[in-house]
Amino acid sequence: MNWYIHQTIMIQHLKVDSVSNSSVLQIGTAGSIRSLSNLYNTGGFVEPTPQLGTSTTNPVSLVPLPPPT
């Protein structure tokens, strides 16, 4: 048996709150979804990242703001 599916999709606004290693975003019909996970070290880092809370720099204050008036 052959199935032929024709569809038209118009997306006016799409908001994705989070994406994780096992996320799947599907729009439309798919015959099969195969999982694929890639991990790339694009920054050339050689050490693990420091644990949260151990840095003396406040991550909120990294954006320079003008002094209040």
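Assorted remarks:
- For region 51-58, the count of residues that are part of a loop (DSSP other than H, G, I, E, B), modelled with pLDDT of 75 or more and either surrounded by fewer than 10 Cβ atoms within 10 Å (Cβ to Cβ) or among the basic types (Lys, Arg) (or both) is at least one.
- Complete set of residues in region 17-48 that are over 13 Å from the mean Cα position of the chain (by Cα), hydroxyl-bearing (Ser, Thr, Tyr) and either modelled with pLDDT under 70 or open to solvent by less than 90 Å² (accessible area, probe 1.4 Å) (or both): Thr29, Ser32
The values are calculated or read from the model by the stated rules, or taken from the named source; none is laboratory data. These figures come from a predicted structure and were not determined experimentally. As a convention, Cβ positions derive from the backbone with ideal geometry for all residues, glycine included, and neighbour counts pool all protein chains shown. Only protein heavy atoms, including side chains, enter the accessible area calculation; ligands, DNA and RNA are left aside. Shrake-Rupley method; radii C 1.70, N 1.55, O 1.52, S 1.80 Å.
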